[in-house]
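Everything below concerns the one structure shown next.
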Amino acid sequence: MVRLSVNLNKIALLRNSRGGAIPDVLRAARTCIAAGCHGITVHPRPDARHITTRDVLELAALLTVEFNLEGYPSPAFLELVHRVKPTQATLVPDPPDVLTSNAGWNLTAGNTHWMRDVLAPLRDAGIRSSLFIAPDPAQIERAREVGADRIELYTGPYANAFGTAAGESILRAHRDAARLARRLGLGVNAGHDLDLKNIPPYVRAVKGLQETSIGHALINDALYLGLTRAVKAYLKALGSRPLGPPAKRPRRRA
């Protein structure tokens with residue numbers, strides 16, 4: 001079974017755009033848990049443009065499911081990780097000003113021995129580690145060497161090329177990458193731009209996939225799947241009748 005961890009960043013982004021506490025990140029977490037998700041993911045960034053430290057602390061105190069904390073392994077982020085002790089820490093190579101994750105770690109270039117010094121304390125603290133990487137055999141082998149528990153395969157290029165010949169080629173690379181990771185004793189997660197259309201073929205191809213972290217597409221779909229119910233609830237609150245479907249325009253004669 002592939003576990004679903006729901007990323008709540010977009011809920012916090014919407015809240016922060018207006019100020020105040022609406023929408024409520026904790027309420028969103030409770031709703032997702034009640035709906036059956038297996039975990040909650042958040043990715044706090046240095047500018048706190050969406051998830052804040054307070055959100056992380058409150059979620060850590062609330063959650064009854066797995067908690068996945070994503071971020072660049074800066075001293076401040078690692079201090080937060082060790083403070084809240086999430087189930088999993090997913091380390092990403094994002095610079096502070098990046099809009100969203102757009103690449104995996106390059107663990108074969110330069111000195112990456114420092115990653116061992118980051119991962120070892122996580123393991124000692126009972127926190128599962130995952131490294132965000134491309135489906136590159138050399139990167140996967142290096143992830144095992146530096147002591148990661150899992151990898152998270154970066155699925156952005158797959159999503160962008162979905163439905164094309166290039167997309168099929170990328171999918172095969174992910175299948176082979178997952179096979180190698182499992183052989184090396186690494187767990188396999190995946191994430192970035194996965195949605196209702198591209199997930200099923202990915203799951204069929206990538207055997208042994210353990211977890212997907214999904215936020216943007218899921219929150220987007222929730223808007224459309226839930227708008228009808230929300231509009232009807234507000235009409236009821238107003239004591240108003242639904243307008244009904246628009247009348248069809250008569251066809252013009254040629």
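For a Förster distance of 35 Å, can you work out the FRET efficiency between the beta-carbons of residue 173 and residue 235, rounded to the nearest 0.05?
Between residue 173 and residue 235 the formula returns 0.10.
To the nearest 0.05, what FRET efficiency results for residue 14 and residue 221 with a Förster distance of 22 Å applied to their C-beta separation?
With a Förster radius of 22 Å, E is 0.90.
Extension gain residue 38-residue 210, at 0.36 nm per residue separation less the Cα-Cα distance, in nm?
Stretched out fully, the residue 38 to residue 210 stretch lengthens by 60.8 nm.
With angles folded into 0 to 90 degrees, how steeply does helix 9-18 sit against the dominant principal axis of the chain? Use alpha carbons for both and round to 10.
Long axis of 9-18 versus the principal axis of the chain: about 60 degrees.
Could you work out how much longer the chain between residue 21 and residue 2 gets when fully extended? Use 0.36 nm per residue separation minus the Cα distance between them, nm to one decimal.
Fully extending the segment from residue 21 to residue 2 adds 3.6 nm.
Residue 184 to residue 243: FRET efficiency via 1/(1 + (r/R0)^6), r the Cβ-Cβ distance, R0 45 Å, to the nearest 0.05?
With a Förster radius of 45 Å, E is 0.15.
Could you work out how far helix 53-62 tilts from the main Cα principal axis of the chain, as a 0 to 90 degree angle to the nearest 10?
So the inclination is approximately 90 degrees.
FYI, it's all coordinate maths here, none of it is from the lab. This is a predicted model, so every value here is computed, not measured. We place every Cβ from the backbone using ideal geometry, glycine too, and count neighbours over all the protein chains shown.
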